[in-house]
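Scroll down for the structure; my scribbles are underneath it.
No value in this document is a laboratory result; all are computed from the given coordinates. Just so it is clear, the structure is predicted and the values come from calculations on it, not from any experiment. All Cβ positions, even for glycine, are placed from backbone atoms using ideal geometry, and neighbour counts span all protein chains on display.
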Amino acid sequence: MKRSNLVPTIVAQFITTNNKIDECFLFQSETNRGYAIDGIAAVICRRFNGKDNLEVIVNNLEKDLKLTKGQYDGEIEVLLDELEQFKLIEFK
């Protein structure tokens, strides 16, 4: 994964409307737009806490959900690209 050493942080307002871990809503106040996130994308977004690098986050996700290592790497890269495009995430 090309960003494995970077630390992702959600910079949009993180809104949850229920207790489901696989659903969330991100609101970007600069653009006044909201984005519904669901499935594995929501689960991983909840882990972007600004403390752990992407490699640690993905490894823990794979371990916790009993996923095959690397199974979602392509999808995670697409998610990261989209979050960055819409100014919902920053990397340190």
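Run down the lysines and flag those whose C-alpha is under 27 Å from the C-alpha of LYS20, throwing out any fewer than 8 positions away in its chain.
Answer for LYS20, where 27 Å is the Cα cut-off: LYS51, LYS63, LYS66, LYS69, LYS87, listed by chain and number.
Residue by residue through region 72-85, which ³J(HN,Hα) values in whole Hz follow from phi under the Karplus form 6.51 cos²θ - 1.76 cosθ + 1.60 (θ = phi - 60°), with glycine and proline marked x?
10, 4, x, 5, 5, 4, 4, 4, 4, 4, 5, 4, 5, 4
Multiply the residue gap between ASN32 and LYS92 by 0.36 nm, knock off their C-alpha separation, and tell me the result in nm, one decimal place.
Length gained between ASN32 and LYS92: 19.2 nm.
About the Cα centre of the chain, what is the dipole size in debye to 20, counting +1 per Lys and Arg Cβ and -1 per Asp and Glu Cβ, all else neutral?
Roughly 260 debye for the chain.
Can you give the local net charge around ILE76? Use residues other than it whose beta-carbon is closer than 13 angstrom to its beta-carbon, Lys and Arg +1, Asp and Glu -1.
-4
As I understand it, the value is the acute angle between the Cα axis of helix 54-64 and the longest principal axis of the Cα atoms of the chain; what does it come to in degrees, rounded to 10?
For helix 54-64, the angle is close to 70 degrees.
To the nearest 0.05, what FRET efficiency results for GLU75 and LYS51 with a Förster distance of 22 Å applied to their C-beta separation?
Between GLU75 and LYS51 the formula returns 0.45.
Once every DSSP H run of n ≥ 4 in the chain is given -39500 (n - 2.57) and the sum is divided by its residues, what mean residue ellipticity at 222 nm do you get, rounded to the nearest 500 deg cm²/dmol?
-9500 deg cm²/dmol
Which number do you get for Rg(Cα) / (2.2 N^0.38 Å) in the chain?
1.03
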